[in-house]
Amino acid sequence: MPSSTAIATLKSALNGTLLTPTDTGYDDARAIWNGMIDKRPALIVRCASTDDVVHAVNFARDNGIVLAVRGAGHHIAGSSLCDDGLVVDLSQMKKVTVDAAAKRATAEGGATLGDLDAATAAHGLATPTGINSTTGVAGLTLGGGFGWLSRKYGMTIDNLESAEVVTAKGEVVCASATENAELFWGLRGGGGNFGVVTRFEYRLHAVGPDLLSGLIVYPFAEAKTVLQRHRDFVATAPDELSVWTVLRKAPPLPFLPAEVHGKEVVILALCYAGDPQDGAKLIEPLRTFGTPVGEHVGVQPFAAWQQAFDPLLTPGARNYWKSHNFTTLSDELFDVVIEYVGTLPSPQCEIFFAGLGGATKRPAPGATAYPHRATEFVMNVHGRWDDAADDKRCIEWSRAYFEATKPFASAGAYVNFMTEDEGDRVRSAYGSNYDRLVRVKREYDPENLFRTNWNVKPA
């Protein structure tokens, strides 16, 4: 480790805070969303400004220590932490500014989706992001980003206008379509391989602020029929409508009868990014897929819908995910899904199919670093539980289901859903764009300083 004198010099240069393992607040600072991740950095720099980021990057590089970058600390793999090295912690840099006339928003690297939604919703504007308000904008964006607005307006990276980046040299550069264009291309799906993004500029769209959204819940006995009819329905649905399927044990939601609580169910989660009256007519067939056991659908602020799943995704639980891309969903796949949902190892475990398509498919595979534009559905095997004693059982269930569904999956992987033991999927995740990413890496990080991520090696 660097000398105490060097560390003191770094500390004196910061506007933010430097934490070591003996400092008050250290354990809180190293706690992230996935409770399975338990790493002990030697230094945590809680940055207050871009200048702090520059100091931290220069210190790690010049002293030859491992560097990790934390936005909101939400990534399943825990790549925002490292053992014995230095963490550039952006979680205190959460400012979001909105230029309503220009339909642009700028978010600092530690902002969450909730921070961004709150600022943009005040103007009746939004940009496509994810579905959990505690997710960080940085990790979501750098990995691709999709959610309820993506069929209408594209992925998060398709709405990124520019980024402020601290490079491995400690230089602060702007990346956009006209400045450092190759870096900008790499940031849109290439993860944290090329620098620390301290500021993101997004294109905004007129959304709501009130949209039709909610849940329709079916009994598990009708699962196959519901899945089949959902597949057929979304094949012709307009881009404004997103309908995802979630299979899990029913939480004790007030609109569900008590006898359903804790039982396996099939949930249709929907959001219509248009006039709620038009959406109400369009979703009527969703109620005829079987005999619903409950429904909670209505008009509410989009920012509120963005928080609807937060109670099921609170920080601190143990999480292990596996995921596949799909261009189509077959009946044989549904048989496997139903088999494994029947053996959920924890009440918090779930399987969901997120619907993409629409605007997400229109860019060419090489337009951004994220290449999988043919993907119609992303499946996430969301293993989640509280007790470490259940690790083996829950992880084995997740892996077994992942292997059983592999024959039906299409190419590639979504880096934001990859857990820490999936380094062998990096090439698959970047697909046909991998070699170009290597060239960008060589230019901006030839020594691979930024490597605690889904790493593209420069050589």
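The values are calculated or read from the model by the stated rules, or taken from the named source; none is laboratory data. Bear in mind the structure is a predicted one, so any value in this text is a computation, not a measurement. Counting neighbours? That spans all protein chains shown, and the Cβs are built from the backbone with ideal geometry, glycine included.
Checking the structure you have, find out if any residue of region 26-35 is outside the structural domain of residue 348 (by TED's automatic domain parsing), in a helix (DSSP H, G or I), over 30 Å from residue 318 (Cα atoms) and out of contact with any Phe, Trp or Tyr (no Cβ under 6 Å at 6 or more places or on another chain).
No, region 26-35 contains no residue that is outside the structural domain of residue 348 (by TED's automatic domain parsing), in a helix (DSSP H, G or I), over 30 Å from residue 318 (Cα atoms) and out of contact with any Phe, Trp or Tyr (no Cβ under 6 Å at 6 or more places or on another chain).
Looking at region 312-339 only, could you name the residues that are closer than 16 Å to residue 397 by Cα and touching a strand residue (DSSP E or B) at 6+ places or on another chain (Cβ under 7 Å)?
Across region 312-339, the qualifying residues are 318, 319, 320, 321, 322, 323, 324, 337.
Output the residues belonging to region 414-453 that are among the hydrophobic types (A, V, I, L, M, F, W, C) and either under 20 Å from the mean Cα position of the chain (by Cα) or outside any helix (DSSP H, G or I) (or both).
Within region 414-453, 415, 417, 418, 426, 429, 449, 450 meet the criteria.
For residues that are acidic (Asp, Glu) and not in a loop (DSSP other than H, G, I, E, B), scanning just region 159-193, find the one that is nearest to residue 62 (Cα to Cα).
Filtering first and then ranking leaves 164.
Kindly indicate the residue of region 211-227 that is in contact with a helix residue (DSSP H, G or I) (Cβ under 6 Å, 6 or more places away or on another chain) and over 30 Å from residue 160 (Cβ atoms) and also surrounded by the fewest Cβ atoms within 10 Å (Cβ to Cβ) among those meeting that condition.
224
Scanning region 423-442 for residues that are surrounded by 15 or more Cβ atoms within 10 Å (Cβ to Cβ) and touching a residue at least 40 places away in the same chain (Cβ under 8 Å), which turns out nearest to residue 87 (Cα to Cα)?
Looking at the filtered set, the residue picked out is 441.
Taking the residues in region 166-183 that are crowded, with 20+ Cβ neighbours inside 10 Å and without any contact (Cβ under 8 Å) to a residue 24 or more places away in the chain as candidates, determine which candidate is farthest from residue 139 (Cα to Cα).
By that ranking, first place goes to 180.
Among what's in region 244-255 and is among the hydrophobic types (A, V, I, L, M, F, W, C) and surrounded by fewer than 20 Cβ atoms within 10 Å (Cβ to Cβ), pick the residue that is farthest from residue 351 (Cα to Cα).
Within region 244-255, the match that is farthest from residue 351 (Cα to Cα) is 255.
Considering each of 230, 296 in turn, give the residue that is farther than 20 Å from residue 358 by Cβ, surrounded by 14 or more Cβ atoms within 10 Å (Cβ to Cβ) and under 28 Å from the mean Cα position of the chain (by Cα).
From the options 230, 296, the qualifying one is 296.
Checking the condition crowded, with 24+ Cβ neighbours inside 10 Å and over 19 Å from residue 193 (Cβ atoms), which residue from 119, 111, 100 passes?
Sole residue among the options that is crowded, with 24+ Cβ neighbours inside 10 Å and over 19 Å from residue 193 (Cβ atoms): 111.
For every residue, the table says whether it meets (1) of a type outside the set (S, T, N, Q); (2) assigned to a loop (DSSP other than H, G, I, E, B); (3) modelled with pLDDT of 95 or more.
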residue	(1), (2), (3)
91	no, yes, yes
98	yes, no, yes
101	yes, yes, yes
105	yes, no, yes
128	yes, yes, yes
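Run down 208, 186 and say which single residue is surrounded by 20 or more Cβ atoms within 10 Å (Cβ to Cβ) and modelled with pLDDT of 95 or more.
Within the list 208, 186, the selection yields 186.
In the set 237, 221, which member is closer than 26 Å to residue 153 by Cα, outside any strand (DSSP E or B) and modelled with pLDDT of 95 or more?
That would be 237, the only listed residue that is closer than 26 Å to residue 153 by Cα, outside any strand (DSSP E or B) and modelled with pLDDT of 95 or more.
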